[in-house]
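Colleague: To start, I am sharing the structure in question, which I have written as structure tokens.
Each reported figure results from applying straightforward, stated rules to the coordinates on display, with no laboratory input. The structure presented is a predicted model; accordingly, all values stated were derived computationally and were not measured. Here the Cβ positions follow ideal geometry from the backbone for every residue, glycine too, while neighbour counts run over all protein chains shown.
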Amino acid sequence: MKSLLAIFCLRSIARIMVLFAIMQPLCGHAQIKPMVKKGQTRAVVIGVAKYQNPNITALQFTDADAKAFAKYLRSPAGGTIAEDNIKLLTNEQATQGQMAMALTWLMQESQEGDQAIIYFSGHGDVETTTMMNFGYLLTYDAPASTYMAGGAFPINYLEAIVQTLTAQKNVAVLLITDACHAGKLAGSAVNGTQATAQALTAQFANAAKILSCQPNELSQESTIWGGGHSVFTYYLIDGLIGLADNNHDNKVSMLEIRRYLEDNVPPAVAPKSQIPLISGNMALHLSTVDPKSLAALIASRNNPTEVATADVALKAGGKETVKPADTLTMARFRQALKDKHLLYPKEGSAYALYQLIKSKSDIADAQNQMRNDLVAGLQDEAQQAINAYLAGNPQELKRRWSYDTTYLHYPEYLAKAAEIVGPQHFLYTDLKAKQLYFEGLNMRLAAEQDKNNVAGFDNAIQRQELVLSLAPNAAYAYNELGLLSRRKKAYEKSLEYFNKAIELTPTWAMAQTNLCAIYNDLDQYDNAILHCNLALAADSSFALAWHNRGVVFDAKGDFPQAINCFNKALSFDPDYPTTYYMLGNAYYLSGNKEKAEENWNRCIQLDPKGRFSSTSWNNLAEIAAENNDFKAALERFDQAIAVKPDYVLALFGKAKTLGALGKKEASLEVLAIALEKGFKIKDDILSAPELEKVRAMDTFSALMKRYFPE
């Protein structure tokens, strides 16, 4: 494929096909000269069938399509492109970070007169009608919503890359996309797949395009095409090998591939309509026919037992060029990346090893590869933490709530990645925005651990506002501002921020769940339940949404409903101590003390030193005291105080229990501690029957006058 430009194959949104980048922008109906191959051809080929987030519909053969296309490029039929001139990323390899740096490699290596091929096959989506001008290609680590938070590759990034290649470097670019697949996606309600297809159709002024279908159509894939391919890629490869060579001049032009695809794709998927969309210079020379490859293909098509797409025709492949490098250091670098040993500890880290290679002037190619791999690794690691939070992963939420110190590394990862790529790179602003997000998050988490850190929340708010100055549609920053406003009890402001997050990402269960909590704070129970229901409509397995819904019913006094919700939450996250605590309360208030004790004990077992452990011990002590088991009550009050020494309710409960046992002096001593630490309910002290004999003591009156002067 001697003159093939840059191929990009998108799959799930509305399969869009080849975009051939033209050297000069079109001006009216000006003629564009046929492309003549002068330099090298390089390709980035991406196919995502299986997504990390299970809420994104898996595809069948998009990864197989990408592999088949890369195989075609390596074959004589595709121009025998060298192995090290092709970046093939499929499934878990095809993260946003890896895709971005593969395309960076394409920009770094391409020189004037070269050809660049970009092929993407996978899902495409847009979340809301207000974001229709954007569009995303969903890479492996795409979240199920909130694409702006990363893990999805924005179409405008792709346009910037194509512009750099065509306008600045005078590189011919062929872009092939197959991204119009059906599936459960965040933008399904607003035809997000079709909107992304439309964005791909409308943009890339300097590129010729071959799209897998029209914007209002869907791409089809099945085992009937080569044992498992999309109809588009199946016939595209066949046509490029030579079946599209209608005039038998041993060349395949844009016009010929358009006619071949239009003739073969629609009948193959009837009665469903799928008409590939090809635009650009119709005289453009795409491939040169290799007679042996074409003969093998025709023979395989005439043999019904052959099912592999053009496999017979694609035997020979380009070979990888061995380039000089420090092989030992490179091996250590690759192992450090695999082990997530990115920056720390510094000795032997991927960054430290990159610095060693960076100082050597004779291996520029190895340096660029290490640079790109390091940036992708740093970005991917931070993205995993973002994605886990976006999905409401229970383990991730626990990490945040406990202020896991690994969070301190994420801003450094992103800052270092931004420093390495530099301010001119298309990723730079996004990396800086996420760096600021994690800095603000760490400030909030630290402030939640330290009650004296009053300025922590304000500093965190400033960081998130800076995020929005760089990324105005960052729903994750609006969500964080909503949480910060709640911490400051600015509930109306919190509502504003959460509603903005939901406006940008209406299917984000986390934002809906947080809004539920705010409405519960405001005693607006119907609104609270509405938004918890919306969260569960987006993700019925979201434990926190079930928990918050239970909290609302508990506040309303509807304990059977609360119990049902809490049990649902535990079915999805059986290790969340707070839910056991709340479930114990609901059982107690509904009269089932046995179940209440069972759940409070489970809360303590899961988190012996946690926030609700002391409260659970206190509740268990109160039940023991109600049953006149004062020995057990004292033991449990002591446990509560051991966890939380300033827990005045437990101290007061212990004082009452000692009074019931006739230990007046000890009771008065503990009561004094409770008052010293802030117990202020005078009526309870004066009315508690357990303290009757204590109140008769001379020292009691003096104690009361000290803390409750007339």
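Colleague: Can you give the extra length, in nm with one decimal, that the chain gains between ARG487 and ASP521 once fully stretched, where that is 0.36 nm per residue apart less the Cα-Cα distance?
Modeller: So the chain would gain 11.1 nm between ARG487 and ASP521.
Colleague: THR405 to GLU710: FRET efficiency via 1/(1 + (r/R0)^6), r the Cβ-Cβ distance, R0 60 Å, to the nearest 0.05?
Modeller: About 0.70, to the nearest 0.05.
Colleague: Based on DSSP H runs of at least 4 residues, each adding -39500 (n - 2.57), what is the mean residue ellipticity at 222 nm of the chain after dividing by all its residues, to the nearest 500 deg cm²/dmol? List each step's numbers first, then the result.
Modeller: Values: 29 runs with 375 residues, N = 710.
Rounded to the nearest 500, the figure is -16500 deg cm²/dmol.
Colleague: What's the FRET efficiency of ALA455 with LYS398 using the Cβ-Cβ distance as r and R₀ = 25 Å, to the nearest 0.05?
Modeller: That gives a FRET efficiency of 0.40.
Colleague: Based on alpha-carbon positions alone, could you give the equivalent ellipsoid semi-axes of segment 583-710 from the gyration tensor, as √(5λ), descending, whole Å? Spell out each step's value before the answer.
Modeller: Details: eigenvalues 150, 46, 31 Å².
Those come to 27, 15, 12 Å.
Colleague: Please tell me the relative contact order of segment 646-710 in percent, rounded to the nearest whole number, where contacts are Cα pairs under 8 Å and at least six residues apart.
Modeller: Here the relative contact order equals 35 percent.
Colleague: By average Cβ neighbour count within 10 Å, what is the ranking of 157-167, 41-51, 615-625 from highest down?
Modeller: 41-51, 615-625, 157-167
Colleague: Tell me which aspartates and glutamates have Cα within less than 20 Å of LYS682's Cα, excluding those fewer than 8 residues away on the same chain?
Modeller: List returned: GLU622, ASP646, GLU665, GLU669, GLU690, GLU692, ASP698, GLU710.
Colleague: Can you work out the Karplus-derived ³J(HN,Hα) for every residue in segment 68-81? Use 6.51 cos²θ - 1.76 cosθ + 1.60 with θ = phi - 60°, whole Hz, and x for glycine or proline.
Modeller: 5, 5, 4, 4, 4, 4, 6, 7, x, 5, x, x, 6, 5
Colleague: A further question follows. What FRET efficiency comes out for the pair SER273/THR57, r = Cβ-Cβ distance, R0 = 25 Å, nearest 0.05?
Modeller: Plugging the Cβ-Cβ distance into 1/(1 + (r/R0)^6) gives 0.75.
Colleague: Could you name the lysines in cross-link range of LYS340, using Cα to Cα under 17 Å and dropping any fewer than eight places away on the same chain?
Modeller: LYS416
Colleague: If you don't mind, there's one more thing I want to ask. Express in nm, to one decimal, how much length is gained between GLN111 and SER540 on full extension, taking 0.36 nm for each residue of separation and deducting their alpha carbon distance.
Modeller: 149.3 nm
Colleague: Additional query: Give me, ordered by chain and number, the residues 5 or more places off VAL45 or on other chains with an amide H under 5 Å from its own placed amide H.
Modeller: LYS87, LEU88, LEU89, TYR119
Colleague: Moving on. List MET101, MET330, MET443 from most exposed to least, where exposure is judged by having the fewest other Cβ atoms within 10 Å. It would help to have the intermediate numbers written out before the result.
Modeller: Numbers: MET101 30, MET330 16, MET443 22.
Exposure proxy ranking, most exposed first: MET330, MET443, MET101.
Colleague: In nm, what is the difference between 0.36 nm times the number of residues separating SER359 and TYR428 and their Cα-Cα distance?
Modeller: Stretched fully, the SER359-TYR428 segment lengthens by 22.5 nm.
Colleague: Then there is this: For a quick check: sort LYS169, LYS682, LYS87 by the number of other beta carbons within 10 angstrom, fewest at the front.
Modeller: Details: LYS169 16, LYS682 12, LYS87 21.
Least to most surrounded, the residues fall as LYS682, LYS169, LYS87.
Colleague: Spin-label point model (7 Å from Cα, Cβ direction): what's the SER469 to SER222 distance in nm?
Modeller: Each label point lies 7 Å from its Cα, and together they span 5.6 nm.
Colleague: While we're on this one: List the lysines whose alpha-carbon lies under 18 Å from that of LYS50, not counting same-chain residues fewer than 8 positions away?
Modeller: LYS67, LYS184
Colleague: Across segment 679-691, in residue order, what do the Karplus-derived ³J(HN,Hα) couplings come to in whole Hz, using 6.51 cos²θ - 1.76 cosθ + 1.60 with θ = phi - 60° and x for Gly and Pro?
Modeller: Each residue of segment 679-691 in turn: 5, 10, 8, 5, 4, 5, 5, 7, 10, 5, x, 5, 9 Hz.
Colleague: Take each of the peptides 569-575, 511-517, 451-457, 591-597, average the number of other beta-carbon atoms within 10 Å over its residues, and list them starting from the highest.
Modeller: Packing order, densest peptide first, comes out as 511-517, 569-575, 591-597, 451-457.
Colleague: Right, something else. Exceeding 20 Å between C-alpha atoms, which entries from my cross-link table qualify? They are LYS251/LYS292; LYS593/LYS663; LYS631/LYS654; LYS654/LYS693; LYS432/LYS500. Spell out each step's value before the answer.
Modeller: Values: LYS251/LYS292 14 Å; LYS593/LYS663 28 Å; LYS631/LYS654 11 Å; LYS654/LYS693 15 Å; LYS432/LYS500 22 Å.
From LYS251/LYS292; LYS593/LYS663; LYS631/LYS654; LYS654/LYS693; LYS432/LYS500, over 20 Å: LYS593/LYS663; LYS432/LYS500.
Colleague: Here's another thing I want to ask about it. Output ³J(HN,Hα) for segment 49-54: one whole-Hz value per residue in order, computed from phi by the Karplus curve 6.51 cos²θ - 1.76 cosθ + 1.60 with θ = phi - 60°, and x for Gly and Pro.
Modeller: 9, 10, 9, 5, 7, x
Colleague: Which ordering of MET697, MET370 is given by a fewest-first count of other beta-carbon atoms within 10 Å?
Modeller: In increasing order of surrounding Cβ atoms, one gets MET697, MET370.
Colleague: Tell me the label only: which of (1) 34.0; (2) 37.2; (3) 35.7 is mean projected area of the Cα convex hull in nm² as calculated from this structure?
Modeller: Correct label, based on the coordinates given: (2).
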